[in-house]
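First the structure, in the form of structure tokens, and then the observations on it.
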Amino acid sequence: MSQRSNTLLLLVVVLAACLTQFASDIYTPSLPAIAESLKTPVNMVQWSMAIYMFGVALSQLFYGPISEGVGRKGPMVFGMSVMLVGSVICMFAPSIQVLILGRFIQGCGAGACACLWRSIFRDTFTGDELAKYGSYLTVFIMFIVPAAPALGGYLQHLFGWQANFVFLCGYTLIALLAVILGYRETSTSHHPERLKPAYCLATVKRLLTSRIFMGLTLCTFLSYGAFFAWFTAGPVLLIEHVGLTPVQFGWLSFIGGGIAYVLAGQINGKFVTRFGMARMMRFGWSVMIVSGLLLLASFYVVGIELWSIAVPIFLFYFGSTFIWPNAFAQAFTPFGDIAGYAGTVYGTMQIAGGAVIGGIVSHLPDANQLPLATVFIVASIAAWFIYEIVVHRSQEAASG
């Protein structure tokens with residue numbers, strides 16, 4: 001593809017790829033306000049975030065295989081349309097039960113974006129080029145995503161929590177039009193034969209028996225789970241206990257997260273070809289572990305203060321950005337012929353990490369940062385351990 005075509009594709013994919021995470025995070029500054037408005041405990045509102053992620057994870061099991069049979073564009077259009085319906089339900093939700101239902105429907109639509117943007121990228125790029133463009137895409141995503149809580153904070157302050165879902169309706173509609181008008185089908189291998197049960201089972205078996213692929217999906221399950229834990233616990237810690245306003249929380253997420261993501265994304269894009277993807281991931285996990293240890297120690301030294309939480313979170317954002325593009329490139333490179341199925345399994349596992357670990361965190365005590373610090377440390381160490389024992393050893397055996 002030409003440079004111009006690559007740029008156009010990147011812009012369309014950025015809109016689609018950001019939509020899933022944007023919808024997850026935009027209303028985080030409103031969690032306490034929603035609990036008060038709907039007269040429900042705050043942990044039930046936190047649970048609505050996990051329910052959304054369950055919808056995203058489960059629906060990818062549908063979108064990925066379908067895209068192998070009919071291409072990427074149709075499922076993307078369908079998924080965004082479902083997400084639009086879910087956003088409307090959330091906007092008019094009179095109770096926490098209806099809000100949770102709307103969030104689940106949103107997630108079922110957003111699964112198309114979460115699953116298929118990776119497949120679209122793999123249709124177009126491979127190897128180091130995939131890691132390079134994936135890193136640049138991560139810069140865009142990680143600049144836009146931290147803006148979600150900042151925008152949500154202002155929407156909450158000026159109009160109330162329902163305004164978050166009004167905005168999501170507009171964003172989803174714009175992204176839907178961009179896919180319809182600006183995206184040309186990238187899959188060249190889709191065929192209805194690929195929807196037959198025998199083919200589906202054989203293809204999924206190929207993925208599930210790949211130690212490298214499954215090892216990397218487990219790494220992202222744990223790493224993303226720890227990442228999402230912050231968006232579940234962070235608003236309660238900083239708004240209810242530290243005393244930040246929703247607007248201040250949003251700006252803190254935007255500035256701190258944005259700087260960390262862009263800096264790490266640029267470093268990874270520049271040095272990944274020199275040092276290799278494995279070293280960049282190891283560096284990322286080491287920073288994530290340090291951030292958890294610092295968050296743990298800060299509680300015993302200074303207690304629940306803004307900077308005792310904000311600085312470790314900045315480090316965690318920075319370290320985690322080295323994981324996503326490199327794990328993605330290593331996992332997808334051998335499976336270009338079944339990128340839709342690979343996107344299904346990989347995306348489902350990653351988002352399931354957010355759903356499972358975020359759901360657990362929503363039921364843990366939120367009076368201080370100790371549970372969050374524990375999640376950061378344990379999940380990062382476990383992901384690194386799996387990478388060294390399962391993935392790296394398998395890569396060495398394959399090359400040897």
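For the stretch 206-219, how many residues meet the condition of being of a type in the set (Ser, Thr, Tyr) and crowded, with 23+ Cβ neighbours inside 10 Å? Even if it seems obvious, please write down each step before you answer.
Here is the first cut: in the stretch 206-219, the ones of a type in the set (Ser, Thr, Tyr) are 209-210, 217.
Checking which are crowded, with 23+ Cβ neighbours inside 10 Å leaves us with 217.
Residues in the stretch 206-219 being of a type in the set (Ser, Thr, Tyr) and crowded, with 23+ Cβ neighbours inside 10 Å: 1 in total.
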So SER37 clears everything in (1) over 21 Å from GLN162 (Cβ atoms); (2) surrounded by fewer than 18 Cβ atoms within 10 Å (Cβ to Cβ) except one condition, right? Which one? (1)
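Name the single residue, out of those in the stretch 224-255 being among the hydroxyl-bearing types (Ser, Thr, Tyr) and buried (at least 22 other Cβ atoms within 10 Å of the Cβ), that is farthest from the chain's Cα centre (by Cα).
In the first step, residues of the stretch 224-255 are kept if they are among the hydroxyl-bearing types (Ser, Thr, Tyr); the result is 224, 232, 245, 253.
Going one step further and asking which of them are buried (at least 22 other Cβ atoms within 10 Å of the Cβ), we end up with 224, 232, 253.
On the way: TYR224: 7, THR232: 13, SER253: 15 Å.
Result: SER253.
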Where in the stretch 291-400 are there helices (runs of 4 or more DSSP H), lying wholly inside it, with at least 2 residues that are among the hydroxyl-bearing types (Ser, Thr, Tyr), touching a Gly at 6+ places or on another chain (Cβ under 9 Å) and at negative phi? 306-320, 339-362, 370-386
Pairs, please: C-beta under 9 Å, at least 6 apart or cross-chain, first residue farther than 13 Å from GLY269 by Cβ and at pLDDT below 85 and in the stretch 321-338, second polar (S, T, N, Q) and not in a helix (DSSP H, G or I)? PHE332/THR126; THR333/THR126; PRO334/SER210; PHE335/SER210; GLY336/THR126; GLY336/SER189; ASP337/SER189; ILE338/SER189
State yes or no: is GLY292 touching a residue at least 24 places away in the same chain (Cβ under 8 Å), small (Gly, Ala, Ser), over 15 Å from ALA373 (Cβ atoms) and surrounded by 20 or more Cβ atoms within 10 Å (Cβ to Cβ)? no
Kindly indicate whether GLY74 is farther than 21 Å from ALA352 by Cβ, touching a His at 6+ places or on another chain (Cβ under 8 Å) and either surrounded by 18 or more Cβ atoms within 10 Å (Cβ to Cβ) or without any contact (Cβ under 8 Å) to a residue 60 or more places away in the chain (or both). no
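Among the residues of the stretch 190-233, what is the count of those that are basic (Lys, Arg) and under 22 Å from HIS363 (Cα atoms)?
Of all residues in the stretch 190-233, those basic (Lys, Arg) come to 194, 196, 205-206, 211.
Still in the running and under 22 Å from HIS363 (Cα atoms): none.
Qualifying residue count for the region: 0.
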Please give the number of the condition LYS39 fails out of (1) modelled with pLDDT of 90 or more; (2) under 21 Å from PRO365 (Cα atoms); (3) under 19 Å from the mean Cα position of the chain (by Cα); (4) not aliphatic (A, V, I, L, M). (3)
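Suppose we filter ALA163, ALA150 for residues that are surrounded by 22 or more Cβ atoms within 10 Å (Cβ to Cβ), outside any loop (DSSP other than H, G, I, E, B) and at negative phi; which single one remains?
Values: ALA163 fails: surrounded by 22 or more Cβ atoms within 10 Å (Cβ to Cβ).
One residue alone meets the criteria, ALA150.
The values are calculated or read from the model by the stated rules, or taken from the named source; none is laboratory data. As the structure is a prediction and not an experimental result, all values here were calculated from the model. Glycine gets a Cβ as well: all are built from the backbone with ideal geometry, and neighbour counts include every protein chain shown.
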